[in-house]
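Just below is one structure, and these are the notes that go with it.
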């Protein structure tokens with residue numbers, strides 16, 4: 001998503017979902033819980049062909065950069081790219097927000113991103129974290 005469209009990203013894609021303004025900080029919170037080395041930074045916003053949307057930390061200049069995520073709720077650990085880590089953090093956020101708000105539209109967003117994750121080269125690492 002280009003910089004000039006960042007301000008409208010969340011209301012455009014999630015504006016009809018209760019408490020949508022809490023989604024971005026909750027994604028940051030999930031990343032903080034999942035990745036011991038996470039210490040903030042710039043995140044990129046992405047839209048998907050299937051209507052989904054997500055955010056992921058901007059990678060360093062190192063193409064081989066990997067992050068280690070650990071989910072204490074399932075005991076699984078996985079190493080992945082910043083993009084895959086962002087997908088995992090968004091999926092955790094979307095799932096919990098859908099349960100908390102009982103909002104079908106949030107569930108739809110979860111499954112759109114999950115469908116994308118299932119086609120992602122790092123699918124198995126993402127699924128280990130969100131399982």
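Since every read-out is calculated from the coordinates, none of them should be taken as a lab result. Predicted model, so just to flag it, every value in this text is computed and none were measured. Backbone-built Cβ (ideal geometry, glycine too); neighbour counts: all protein chains shown.
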Report task. Exactly one condition in (1) closer than 18 Å to residue 127 by Cα; (2) touching a residue at least 40 places away in the same chain (Cβ under 8 Å); (3) touching a strand residue (DSSP E or B) at 6+ places or on another chain (Cβ under 6 Å) is not met by residue 47; state its number. Result -> (1)
Report task. Search segment 17-27 for residues being touching a residue at least 12 places away in the same chain (Cβ under 8 Å) and surrounded by fewer than 18 Cβ atoms within 10 Å (Cβ to Cβ), and hand back the single one that is nearest to residue 79 (Cα to Cα). Result -> 24
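Does residue 41 meet the test of being in contact (Cβ under 8 Å) with a residue 60 or more places away in the chain, more than 15 Å from residue 130 (Cα to Cα) and assigned to a loop (DSSP other than H, G, I, E, B)? Give the steps one after another, and end with the answer.
On the way: in contact (Cβ under 8 Å) with a residue 60 or more places away in the chain: no; more than 15 Å from residue 130 (Cα to Cα): yes; assigned to a loop (DSSP other than H, G, I, E, B): yes.
When the stated conditions are applied, residue 41 does not pass them.
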Query - Residues that are in contact with a strand residue (DSSP E or B) (Cβ under 7 Å, 6 or more places away or on another chain) and more than 19 Å from residue 100 (Cβ to Cβ), drawn from segment 6-35 - result: 6, 9, 35
